[in-house]
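Visitor: First the structure, then my questions, so here it is.
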Amino acid sequence: GCVWLIERIFQQQPGARDIVVNAQYGTMRLRWMRGEFSAAGFARKLQAFGYLIGPAGEIVAEPESRGLVKRIGLCAAFAMNVMLFSLPTYFGMEATFEWAGLFGLLNATFGTLSLLVGGTYFLARAGRALRERAMHIDLPIAIGIAGSYAGSLFGWIAGEERFVYFDFVSAFILLMLVGRWAQVAAVERNRRRLLSQQPRPQRVRLVAGGELPPENLQAGQAILLGSGQVLPVESQLESAAACFSLASINGEAEPRTFQAGQRVPAGAIQLGRDDVRLQTRQAWPESLLMQLLQPAERPGERHAFLEWIVRGYVAGILTVAALAGVGWWLGSGDALRTGAVVTAVLVVSCPCAIALAFPLADEIATIALRRHGVFVREGTLWARLARVRQLIFDKTGTLTLETPVLQNPAAIHALDPLARRALYALVEGNPHPVSQCLLENLLASGSIPPAAEPTDPGLAGEVRETVGLGVELGGWSLGRPGWRTATPTTSGDQLPATAEGHDAELACAGCVVARFHFRDVARADARAELAALRVRGLALGILSGDRADKVTMLAGELGLEPARALGGLSPQAKADWIVAHGAAHTLMLGDGANDSFAFDRALCRGTPVIHRGVLERKADFYYLGRGLGGLRALFEIEAIRRRTQLAILVFSVVYNLVAVGLAVAGRMDPLLAAVLMPVNSLLTLLIVTTGMRAAFRRGNLPR
């Protein structure tokens, strides 16, 4: 359905030729007529339907999930053929039947193909884990595959039917591959969702012509920085003046104006409407932004609980198999009978709980979180989340909204159509936070104002910007109080204008038409959600680069301890605080490059999705929306997942005690094993789906 919709929208665009959409990888390839087709217009159309698109980024290696899909397809065909040729034996086919030998050969052939195509995936990974002296989840799977196949191969060659479990081998490998694919595909899908395949800032235009990727920049090059673009390296401003946002570097919410000759730090975001000329003062390897965005060398994440299960499973099954073999050999002296018992123990001891059900529970939890706007990027997050004891927030863009909030929206509603058209022309396409806020309120107040008509007085020409003061079009202006005005307001808005905050005036021919007052405010549900997180026993704090007084004021509004709300911190100071106060149990939430070092130290990392975010590729998860409800949902769903996995573990222990007990007693045969394995798998899946159902009940979780 998505592919059909995207193709239809594309074909409706002027100049569109053809499009190929790959839904699995979230990519599309377009061809269009030059000069007729608008790529930006097509992107806006798709955005209206909820699809965000961007450059495809660098070509990466084939994802692991694609290789698993190929293995699953082949192993499914092999498993069906093994089942087909095993059924006659279960329905009473005699060994003397003329086709019995051929059926046995086909069973062995397809069972061997299953091992070579699918089994080697687990055998190779288990072998690598053993060489590194690690207990990996693939080890018990590899033991089951190797034991059942070796016994089956011997039974087929020796003509001993009690050893032959080729149908089990094929079905077991298929189930394990499906479980692994569900786990891997979910993580890959969420990693692609943010369009974050390009880890570095976009290419930079040179004054001399052409473009360069940031890593090729050298000191002394003249560059042009477009509106909304991130400056990759520290540079000296050559234009007369320019306005930049430093929020992602030092947490300051207010934009800063730089004059010609001043140095602009790496990571600053150009907020002007026109291109800005700068001269680089350093190469990319020396850039602070490069250091902040560099992936941290983190030790391999370990799942202690899962390792404990794997270690116990492997030790237990091998011990039981060895003791059963010794016991049967001493009691009967029958080598074939002893071998059959040992093979049966290895075959029926199913690790479905850890190989199929645990990943499925993680995937269901991930799907449930999406309904709350939270997307998991790293599968190891679940293992670490249970150890989190404190949440540390950045301020700007994390606890507060990225843009200021208009305090007097009635001023927008009071504008006449001409003033609305003028305001729209002044703020449309301007990345400045004040312009973005006014544009949002203007659109929310009614239909988009029609384009300015030639007869509109005072709206002729192009929008001009005076850096640090405002913008103007014809006789209209929008900027700081008193910039283009010297007469009292002509509107009924008596809100006083101050030089502080984000106050602005809309004026026509020097007369104030409307005054707008702005304030940085916390996200709407922040106080309630933080209180709910405290009830769960989590310690909360704020680490910000913004002014200490603003951080303290916000902490008071949210009911947080002033001692745990620190402002004026550098990126390194944030990281040092995390280390000093328990990095091993800290979840850090931030959105700017100045949070990067703290991200590297914290146990878990999350980031809100904003249009200029830089930490998406470092985060374990990201969340959408204007609230913080998704964070509470993250912990609630993790608790549901943990309870479900505990129930799965209890059932698995009971099943293995019964099944292995029958095998040790010599009561297991290929037919009973063929019945028990799917029954066990189905019951395990039923426990998962039943237990995780609570994650989708709206009454249990925050909206």
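The values are calculated or read from the model by the stated rules, or taken from the named source; none is laboratory data. Only a predicted model underlies this, so the values are computations on that prediction, with no experimental measurement involved. Virtual Cβ from ideal backbone geometry, glycine too; neighbours counted across all protein chains shown.
Visitor: Yes or no: residue 406 touching a residue at least 60 places away in the same chain (Cβ under 8 Å), surrounded by fewer than 23 Cβ atoms within 10 Å (Cβ to Cβ) and under 19 Å from residue 627 (Cα atoms)? Working first, answer last.
Guide: Working: touching a residue at least 60 places away in the same chain (Cβ under 8 Å): yes; surrounded by fewer than 23 Cβ atoms within 10 Å (Cβ to Cβ): yes; under 19 Å from residue 627 (Cα atoms): yes.
For residue 406, the condition - touching a residue at least 60 places away in the same chain (Cβ under 8 Å), surrounded by fewer than 23 Cβ atoms within 10 Å (Cβ to Cβ) and under 19 Å from residue 627 (Cα atoms) - is met.
Visitor: Okay, next question. Residue check: is residue 147 in the same structural domain as residue 87 (by TED's automatic domain parsing), buried (at least 22 other Cβ atoms within 10 Å of the Cβ), over 22 Å from residue 321 (Cα atoms) and of a type outside the set (Lys, Arg)?
Guide: On the way: in the same structural domain as residue 87 (by TED's automatic domain parsing): yes; buried (at least 22 other Cβ atoms within 10 Å of the Cβ): yes; over 22 Å from residue 321 (Cα atoms): no; of a type outside the set (Lys, Arg): yes.
No; evaluated as a whole, the condition is false for this residue.
Visitor: I would also like to ask the following. So which residues in the range 142-167 are within 25 Å of residue 125 (Cβ to Cβ) and β-branched (Val, Ile, Thr)?
Guide: 143, 145
Visitor: So is residue 595 in a helix (DSSP H, G or I), surrounded by 17 or more Cβ atoms within 10 Å (Cβ to Cβ) and modelled with pLDDT under 90 or not?
Guide: Yes.
Visitor: Within the range 6-42, how many residues turn out to be among the hydrophobic types (A, V, I, L, M, F, W, C) and exposed (fewer than 14 other Cβ atoms within 10 Å of the Cβ)? Steps first, please.
Guide: Residues of the range 6-42 that are among the hydrophobic types (A, V, I, L, M, F, W, C), as a first pass: 6, 9-10, 16, 19-21, 23, 28, 30, 32-33, 37, 39-40, 42.
After this cut, where a residue has to be exposed (fewer than 14 other Cβ atoms within 10 Å of the Cβ) as well, the list is 20, 23, 33, 39-40.
Qualifying residue count, the range 6-42: 5.
Visitor: When you scan the range 442-512 for strands (runs of 3 or more DSSP E) that lie fully inside it, which ones turn up with 2 or more residues that are more than 46 Å from the chain's Cα centre (by Cα), modelled with pLDDT of 80 or more and surrounded by 15 or more Cβ atoms within 10 Å (Cβ to Cβ)? If you could, list the steps in order and put the result at the bottom.
Guide: Numbers: elements: 464-466, 470-473, 476-479, 504-508.
So the answer is none; nothing clears 2.
Condition check ((1) over 18 Å from residue 356 (Cα atoms); (2) touching a helix residue (DSSP H, G or I) at 6+ places or on another chain (Cβ under 9 Å); (3) of a type in the set (Lys, Arg)) across all residues:
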residue	(1), (2), (3)
627	yes, yes, no
641	no, yes, yes
654	no, no, no
662	yes, yes, no
667	yes, yes, yes
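Visitor: Which of the residues spanning the range 146-162 are within 24 Å of residue 359 (Cα to Cα) and either out of contact with any Leu (no Cβ under 8 Å at 6 or more places or on another chain) or at pLDDT 85 or above (or both)?
Guide: Across the range 146-162, the qualifying residue is only 146.
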